[in-house]
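The values are calculated or read from the model by the stated rules, or taken from the named source; none is laboratory data. The shown structure was predicted, so the numbers you read here are calculated from the model rather than taken from an experiment. A quick note on method: Cβ atoms are made from the backbone with ideal geometry, for glycine too, and the neighbour counts reach across all protein chains shown.
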Amino acid sequence: MSSHQIQAAVPYSPRPNTGLPPAPGPVVPSFRHFNAADVRAAVPWEKAISALELALLSDVDPELDDARLFSPAPEGEFLLMPSSNRSYCGVKALTVAPMNPQRGLEKIQGVYILFDSVTLAPLATFDGTEITAIRTPAVTLLALKYIVNATPEGQTFPDAPRILVFGAGVQALNHIRAAKHIFKDATFVVVGRRPERVAALVQELAHERIVVTAGSDADVPESDIIICATTATEPLFGGDKPKAGAIIATVGQHGLGVREVDSTLVLRSDVVVEGRESAWREAGDLIPARSVEEWQRIHPHNLRELVRGELQRTPGKTCLYNGVGMSWQDLVTAAVVYEGS
């Protein structure tokens with residue numbers, strides 16, 4: 001008879017009545033799932049940006065964040081993004097199915113799982129796609145806000161900047177929404193490969209009283225901020241086109257084989273990255289322009305240093321922010337949703 005069978009065969013014996021209250025059992029947290037609507041409602045842009053900012057000013061060091069893990073899957077691949085802090089730990093499990101858009105489905109889908117850091121007990125699951133759709137624009141606009149704050153002395157940045165967005169998907173849509181929160185008087189122009197998707201984006205934002213017009217790469221020289229939120233694998237415009245002092249954010253792609261901007265732009269820009277280690281692994285926009293060894297010598301500022309006010313921009317230079325998406329951002333966002341429930 002196995003030990004399990006022996007234990008199961010022992011008859012129940014009630015605890016003697018001592019007059020004391022029963023010993024407390026383990027605290028089992030309630031478990032719930034937050035769907036996309038729950039996530040959106042719990043993290044308006046102001047709260048999302050503020051939470052990420054506070055995390056960087058307190059205990060988050062992007063250089064210590066866990067690396068993204070890749071594994072093959074049928075018709076695509078898995079992306080696993082773990083991260084932890086003193087209160088919570090979690091992992092975002094995503095699937096990437098390149099053929100899904102042709103099926104009318106999202107290319108990237110997934111779920112986020114949040115755990116307690118002390119007990120490692122699971123606390124909640126979240127719509128992983130929506131977590132990504134919110135935290136990415138929030139991080140980008142946090143970076144843009146501080147880059148604008150670092151405008152060199154003697155130069156001015158317009159109160160009503162002209163913002164050009166490449167892309168017409170969810171990330172482009174949400175970057176405009178987040179940008180409207182930070183730059184309230186901005187004007188927006190969108191460039192996309194498919195006119196029908198651009199028209200749909202313009203119409204959706206019009207219902208939210210955000211005016212957006214369709215444009216082309218001819219708008220690049222007149223733009224104060226350029227946000228690249230695409231699935232492009234080749235540069236979207238010539239690197240000599242942005243005007244002096246313009247700010248460019250590339251946030252749509254990760255991987256050393258894909259690019260949204262060319263080497264010309266990289267070499268003429270002050271560069272800020274989310275995290276240096278993550279950039280060396282995955283920033284295809286940066287590595288072709290310089291080797292990892294050169295970047296390590298240059299030591300560009302990361303997002304934490306930017307938020308702490310350490311960036312000193314070069315007068316007359318463009319500034320390039322490159323983001324590849326990091327696990328700590330998902331964890332911070334999921335914790336905000338969970339604690340607000």
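Table: residues versus (1) touching a Ser or Thr at 6+ places or on another chain (Cβ under 9 Å); (2) part of a helix (DSSP H, G or I).
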| site | (1), (2) |
| --- | --- |
| Ala279 | no, yes |
| Arg297 | no, yes |
| Arg304 | no, yes |
| Gly309 | no, no |
| Arg313 | yes, no |
| Gly316 | no, no |
| Cys319 | yes, no |
| Leu331 | yes, yes |
| Val337 | no, yes |
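Take region 160-194 and flag every residue that is farther than 27 Å from Gly104 by Cα and either under 16 Å from the mean Cα position of the chain (by Cα) or of a type in the set (Lys, Arg) (or both).
Arg162, Ala179, Lys180, Lys184
Those residues that are in a helix (DSSP H, G or I) and out of contact with any helix residue (DSSP H, G or I) (no Cβ under 8 Å at 6 or more places or on another chain), I need them from region 258-277; list them, please.
In the first step, residues of region 258-277 are kept if they are in a helix (DSSP H, G or I); the result is 263-267, 276-277.
Answer for region 258-277, where residues must be in a helix (DSSP H, G or I) and out of contact with any helix residue (DSSP H, G or I) (no Cβ under 8 Å at 6 or more places or on another chain): Ser263, Thr264, Leu265, Val266, Leu267.
Can Glu53 be described as touching a Gly at 6+ places or on another chain (Cβ under 6 Å) and modelled with pLDDT of 95 or more? Step through it out loud before you land on a result.
On the way: touching a Gly at 6+ places or on another chain (Cβ under 6 Å): no; modelled with pLDDT of 95 or more: yes.
No, not satisfied.
Can you name the condition, by its number, that Phe70 falls short on among (1) closer than 20 Å to Leu142 by Cα; (2) loosely packed, with under 13 Cβ neighbours inside 10 Å; (3) among the aromatic types (Phe, Trp, Tyr)?
Among (1) closer than 20 Å to Leu142 by Cα; (2) loosely packed, with under 13 Cβ neighbours inside 10 Å; (3) among the aromatic types (Phe, Trp, Tyr), Phe70 violates only (1).
Of everything in region 209-253 that's more than 19 Å from Gln155 (Cβ to Cβ) and among the basic types (Lys, Arg), which residue is surrounded by the most Cβ atoms within 10 Å (Cβ to Cβ)?
Lys241
Among the residues of region 203-215, count how many are of a type in the set (Ser, Thr, Tyr) and either farther than 12 Å from Phe188 by Cα or at pLDDT below 95 (or both). Step through it out loud before you land on a result.
Quick first cut of region 203-215, residues of a type in the set (Ser, Thr, Tyr) only: 213.
Still in the list and also either farther than 12 Å from Phe188 by Cα or at pLDDT below 95 (or both): none.
Total meeting the criteria: 0.
Looking only at residues in region 266-322 that are in contact (Cβ under 8 Å) with a residue 12 or more places away in the chain and of a type in the set (Asp, Glu), which one is surrounded by the most Cβ atoms within 10 Å (Cβ to Cβ)?
Asp285
Give region 170-188 a look and list any residue that's surrounded by fewer than 21 Cβ atoms within 10 Å (Cβ to Cβ), touching a residue at least 12 places away in the same chain (Cβ under 8 Å) and either of a type in the set (D, E, K, R) or outside any helix (DSSP H, G or I) (or both), or say none.
Once the filter is applied, which keeps residues that are surrounded by fewer than 21 Cβ atoms within 10 Å (Cβ to Cβ), touching a residue at least 12 places away in the same chain (Cβ under 8 Å) and either of a type in the set (D, E, K, R) or outside any helix (DSSP H, G or I) (or both), region 170-188 yields Arg177, Asp185, Ala186, Thr187.
Regarding Thr125, is this residue among the hydroxyl-bearing types (Ser, Thr, Tyr) and at pLDDT 95 or above? Steps first, please.
On the way: among the hydroxyl-bearing types (Ser, Thr, Tyr): yes; at pLDDT 95 or above: yes.
Considered against the rule, which asks whether it is among the hydroxyl-bearing types (Ser, Thr, Tyr) and at pLDDT 95 or above, Thr125 comes out as yes.
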